[in-house]
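Have a look at the structure below before the remarks.
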Amino acid sequence: MKKVPFLDLHAAYAEIKREIDEAVGRVFASGWYILGPEVEAFEAEFAGYCEAQHCIGMANGLDALHLALRAMEVGPGDEVIVPSNTYIATWLAVSQCSATPVPVEPDDRTYNIDPSLIEAAITPRTKVILPVHLYGQPADMDPILAIARRHGLRVLEDGAQAHGARYKGRRIGANGDAAAWSFYPGKNLGAVGDGGAITTSDAELADRIRVLRNYGSRVKYVNEVQGYNSRLDPIQAAVLRVKLKHLDAWNVRRGALAKQYLNGLADTGLRLPHVPEWADPAWHLFVVRSVQRDRLQQRLTDAGIGTLIHYPIPPHRQQAYAAAGIPTDAFPLAGRMADELLSLPIGPQLPTAAVAQVIEVMGRQFAAT
Ligand SMILES: *Cc1c(COP(=O)(O)O)cnc(C)c1O
């Protein structure tokens, strides 16, 4: 049997090598190595893609989340509502503002933040709700936006896993006040190094983020605020412009593999991804659930199939958040996700034969709960 890697980034490069090499060569030859035309062109193209008015290219996804919160004037003493089950970056961005992440548990079927639990977590200090479109599945935005409106809160979306996903037909990118993006190489739209961005249709917010990412400066050597250095690299922007042209087609391939898994695993007893009728997922990950997760992962490993766990330790159980004093069992659903979820190989270059192989190895019964 052939080995099946969890994700093959080189295969993506091989498919579009000529275009990528041309784009990178163009930047080398241009003499522009910070911001400039390549970054501006990507910003315009990605804003258009996301159905947002503005895009600000940044150094990585964590900075995008952090500086968006800064631009929303989140500071010491403030609270930001975050999912209890997410990559730790979502929480760290809040902590970097000296604010407090306030976790809310996910919906047990979609693994995204449960809107019906948000209001109970709101206090007079709450400034922002920060939903994550986890695994490329859009979070249920309309109830979240309604709650935000009722309480005068901002909404920042973590879109790091959801490039191209749609919610009720609308692209992820400007449903809330702003969306933060990561272009980490393994994401649906991935650079060849670090990269990130904010999309928003709020001109004032866009302006503030643009100034913050570049030393608090609009005019060279004139500094309005104490800013940061978090600029999208022009080489990464050039690569992203090429890959953006392929994103929809690549997401369609992900969707076809997801369908193959959904059909092929229907009788295994595993809990499969639940897709609400309003969701058009980007299928960043294909995640199955079982109380026998570790046994399942071992069987796949033995068969040469790469899998990952997203994520094995929820943020509140990380040593990094020990000082917050949150009891280990405080967020039982986040705990269960960490214990029971397993991500199977998926990616635009993964052959359907490889998915068939994974399905065959998983053939036997596994209890879902
Ligand atoms: C990848 C990711 C980030 C952080 O992105 P970086 O570019 O690695 O900083 C933030 N949130 C989520 C949900 C992610 O998956």
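Taking Ser182 as the residue in question, decide whether it is touching an Asp or Glu at 6+ places or on another chain (Cβ under 8 Å) and either of a type in the set (Gly, Ala, Ser) or open to solvent by 40 Å² or more (accessible area, probe 1.4 Å) (or both). Judged against the criteria, Ser182 is not a match.
Select, from Thr328, Thr301, the only residue that is among the hydroxyl-bearing types (Ser, Thr, Tyr), without any contact (Cβ under 8 Å) to a residue 24 or more places away in the chain and under 30 Å from Val104 (Cβ atoms). Testing whether each residue is among the hydroxyl-bearing types (Ser, Thr, Tyr), without any contact (Cβ under 8 Å) to a residue 24 or more places away in the chain and under 30 Å from Val104 (Cβ atoms) leaves just Thr328.
Once segment 143-164 is narrowed to residues that are crowded, with 24+ Cβ neighbours inside 10 Å and in a loop (DSSP other than H, G, I, E, B), the residue that is farthest from the ligand (Cβ to nearest atom) is Gly164.
Which residue is nearest to Pro234 (Cα to Cα), if the candidates are limited to segment 1-25 and must be open to solvent by 90 Å² or more (accessible area, probe 1.4 Å) and over 25 Å from the mean Cα position of the chain (by Cα)? Only one residue fits best here, namely Glu22. Could you grab me the full set of residues in segment 191-225 that are under 28 Å from the mean Cα position of the chain (by Cα) and in a loop (DSSP other than H, G, I, E, B)? Within segment 191-225, Ala191, Val192, Gly193, Asp194, Gly195, Ser201, Asp202, Arg213, Tyr215, Gly216 meet the criteria. Here is the figure for segment 85-105: residues that are under 14 Å from Leu333 (Cα atoms) and within 13 Å of the ligand (Cβ to nearest atom) total 2.
The residue that is surrounded by the most Cβ atoms within 10 Å (Cβ to Cβ), counting only those in segment 187-211 that are more than 16 Å from the ligand (Cβ to nearest atom) and not charged (D, E, K, R), is Thr200. Exactly one condition in (1) assigned to a helix (DSSP H, G or I); (2) of a type outside the set (A, V, I, L, M, F, W, C); (3) over 25 Å from Gly193 (Cα atoms) is not met by Pro276; state its number. Of everything listed in (1) assigned to a helix (DSSP H, G or I); (2) of a type outside the set (A, V, I, L, M, F, W, C); (3) over 25 Å from Gly193 (Cα atoms), Pro276 misses just condition (1). Within segment 40-69, the residues that satisfy the criterion of being in a helix (DSSP H, G or I) and within 16 Å of the ligand (Cβ to nearest atom) are Phe42, Phe46, Gly61, Leu62, Asp63, Ala64, Leu65, His66, Leu67, Ala68, Leu69.
The values are calculated or read from the model by the stated rules, or taken from the named source; none is laboratory data. Everything numeric in this text was worked out from a predicted model, so none of it was measured. Neighbour counts run over all protein chains shown; Cβ positions are idealised from the backbone, glycine included. Just the protein is used for accessible areas: all its heavy atoms, side chains included, with ligands, DNA and RNA removed. Shrake-Rupley method; radii C 1.70, N 1.55, O 1.52, S 1.80 Å.
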